[in-house]
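Colleague: Got a structure here, written out as structure tokens. Questions coming.
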Amino acid sequence: MSDSAVDFWLQVGGGGPKARTSDPETSHAAADAIVIKAKTQKGQLLLAHYSFRMAAGWGSFAGLTDEEAARRAAISLQSEYATRCSELRNIGLIEETTETRAGEAGVERLVSRLTELGRAYVEEKFRS
């Protein structure tokens, strides 16, 4: 992926959080500039996916459920971890797989995995 493409996505411009259409232009500019910080829940969940995928080998299709990612990141299951994972999927840093696994409550959960974009984001922003 070219540096300019990574820079574009690193700003979470591709389907990321947006302001409401009724909001002023300054709100839209702020929404377009949102970046994920390593110490936030979203950053910790992304790092959980990154470390898991790297440990499994990049060529593997290994992934985590949202619940597993939260546990690996030491995030309370009473938090909004599933919303943060959904946001990571919406901006393309993790992606759904066709796999499911039972969660703690016995309900099947979707498995997601780190994307190439997610890997580039972590290596550019969190590992430099």
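The values are calculated or read from the model by the stated rules, or taken from the named source; none is laboratory data. Worth saying up front: this structure is predicted, and the values here are computed from it rather than measured. Glycine also receives a Cβ, built like all others from the backbone with ideal geometry; neighbour counts cover every protein chain displayed.
Colleague: Counting only residues that are at pLDDT below 95 and either within 11 Å of the chain's Cα centre (by Cα) or in a helix (DSSP H, G or I) (or both), how many does region 53-71 have?
Modeller: 4
Colleague: Test Glu123 against the stated conditions and say whether it is surrounded by fewer than 15 Cβ atoms within 10 Å (Cβ to Cβ), touching a residue at least 12 places away in the same chain (Cβ under 8 Å) and either part of a helix (DSSP H, G or I) or touching a Leu at 6+ places or on another chain (Cβ under 8 Å) (or both). Give the derivation first.
Modeller: Working: surrounded by fewer than 15 Cβ atoms within 10 Å (Cβ to Cβ): yes; touching a residue at least 12 places away in the same chain (Cβ under 8 Å): no; either part of a helix (DSSP H, G or I) or touching a Leu at 6+ places or on another chain (Cβ under 8 Å) (or both): yes.
No, not satisfied.
Colleague: Another one. Of the residues His28, His49, which single one is surrounded by 14 or more Cβ atoms within 10 Å (Cβ to Cβ), modelled with pLDDT of 95 or more and not small (Gly, Ala, Ser)? It would help to see each step written out before you state the result.
Modeller: Numbers: His28 fails: modelled with pLDDT of 95 or more.
None of the other options fit; the residue is His49.
Colleague: Run Gly92 past the list (1) at positive phi; (2) without any contact (Cβ under 8 Å) to a residue 60 or more places away in the chain and report the number of the one that doesn't hold.
Modeller: Going through the list (1) at positive phi; (2) without any contact (Cβ under 8 Å) to a residue 60 or more places away in the chain, Gly92 breaks only (2).
Colleague: Moving on. Can you tell me how many residues in region 88-108 are buried (at least 19 other Cβ atoms within 10 Å of the Cβ), more than 17 Å from Phe52 (Cα to Cα) and modelled with pLDDT of 95 or more?
Modeller: Initially, region 88-108 is screened for residues buried (at least 19 other Cβ atoms within 10 Å of the Cβ), giving 88, 91, 93-94.
Narrowing further to those that are more than 17 Å from Phe52 (Cα to Cα): 91.
Retained after the next criterion (residues that are modelled with pLDDT of 95 or more): none.
Residues flagged as buried (at least 19 other Cβ atoms within 10 Å of the Cβ), more than 17 Å from Phe52 (Cα to Cα) and modelled with pLDDT of 95 or more within region 88-108 amount to 0.
Colleague: Restricting to region 78-103, count the residues that are under 14 Å from the mean Cα position of the chain (by Cα), assigned to a loop (DSSP other than H, G, I, E, B) and over 13 Å from Glu116 (Cα atoms).
Modeller: The qualifying residues number 1.
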